[in-house]
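The values are calculated or read from the model by the stated rules, or taken from the named source; none is laboratory data. The shown structure was predicted, so the numbers you read here are calculated from the model rather than taken from an experiment. For neighbour counting, all protein chains shown are included, and Cβ atoms are generated from backbone atoms with ideal geometry for every residue, glycine included.
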Amino acid sequence: MNIKEAFGSLTFFSNLSDNQREQLANISLLKNYESNSLLYYEKSSHSKLLFLVDGLARAYKMDKHNNEIFLYYIYPNRIISEISSLSDTHLTSYSNITFIENSQILSIDYQLFQEIFLEKGLLCLELANEVIQQSKRLQDLVNREFVFDSVAKVAMMLSSDIRMFNKLKRYDVSLVLNIQPSTLSRVLNRLKRKGIVDIDHGEIIIVNRKDLEAIYEGLGE
């Protein structure tokens, strides 16, 4: 994939004119990363605005015992960089980012991006939407870790990310949700008995999305 094709694959840049994409191409690079490679560490500072064009990444933190705490997955057509301020010329990472598939990222000089686009009122709404999405992701994380019980945790992941749920081994799902594998099995069987999901050769199929969403929205069990 060349850089212009990368722009075409990212919704963020869909409203730019051909001339504006040419300007963007002049301050951008495409970079490839192998599976299991590290993009950056928590608390590091960066001068590039990063988007995931292809592949899959994972954000996580390390606790005081050097154990990984899973935060979220990053999918193609999403921004990787964590935006905390629109005025700073550098970006600070608040998590470690590694790639779990061979991946390609679009790297943009953030200071020049501000000067050429943001200061002229271009792509401001798109960037604001990304910040809102990051805030929602943080809210979901707080709910998952501190508010939800095991049933709500499973229901939310099934509803929001069933592709990843089915892709991962059940043990890895239990690590992501911070519950015991035996608890995960009981919850899935319970949801199946209630007719909310079905299980076909180990793959989860959502049967009743409304009832599934009601569980973690506080209207169900």
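Below are the figures for this structure:
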{"quantity": "Some residue of region 60-75 being closer than 29 Å to Lys4 by Cβ and among the basic types (Lys, Arg)", "calculated": "no"}
{"quantity": "Any hit, region 203-221, residues being assigned to a loop (DSSP other than H, G, I, E, B), at pLDDT 95 or above and of a type in the set (S, T, N, Q)", "calculated": "yes"}
{"quantity": "Lone unmet requirement of (1) surrounded by 19 or more Cβ atoms within 10 Å (Cβ to Cβ); (2) farther than 30 Å from Ile206 by Cα; (3) at pLDDT 95 or above; (4) polar (S, T, N, Q) for Ser93", "calculated": "(3)"}
{"quantity": "Failed criterion for Lys153 (all others in (1) surrounded by fewer than 16 Cβ atoms within 10 Å (Cβ to Cβ); (2) not assigned by TED's automatic domain parsing to the domain that holds Ser95 hold)", "calculated": "(1)"}
{"quantity": "Hey, Ser44 modelled with pLDDT of 95 or more, among the small types (Gly, Ala, Ser) and closer than 21 Å to Ile83 by Cβ or not", "calculated": "no"}
{"quantity": "Region 76-98, residues that are touching a Ser or Thr at 6+ places or on another chain (Cβ under 8 Å) and assigned to a strand (DSSP E or B)", "calculated": "Leu91, Thr92, Thr98"}
{"quantity": "Whichever residue in region 99-120 is of a type outside the set (D, E, K, R) and part of a helix (DSSP H, G or I) and, among such residues, is nearest to Tyr40 (Cα to Cα)", "calculated": "Tyr110"}
{"quantity": "Yes/no for Gln133 being touching a Ser or Thr at 6+ places or on another chain (Cβ under 6 Å) and either of a type in the set (Phe, Trp, Tyr) or in the same structural domain as Asp88 (by TED's automatic domain parsing) (or both)", "calculated": "no"}
{"quantity": "Hits in region 176-221 (condition: loosely packed, with under 14 Cβ neighbours inside 10 Å and under 15 Å from Phe148 (Cα atoms))", "calculated": "Asn178, Gln180, Glu217, Gly218, Leu219"}
{"quantity": "Unique match (being at pLDDT 95 or above, within 30 Å of Phe12 (Cβ to Cβ) and either within 20 Å of the chain's Cα centre (by Cα) or in the same structural domain as Ala59 (by TED's automatic domain parsing) (or both)) among Leu118, Leu138, Leu158", "calculated": "Leu158"}
{"quantity": "Yes/no for Asp109 being over 18 Å from the mean Cα position of the chain (by Cα), acidic (Asp, Glu) and surrounded by 15 or more Cβ atoms within 10 Å (Cβ to Cβ)", "calculated": "yes"}
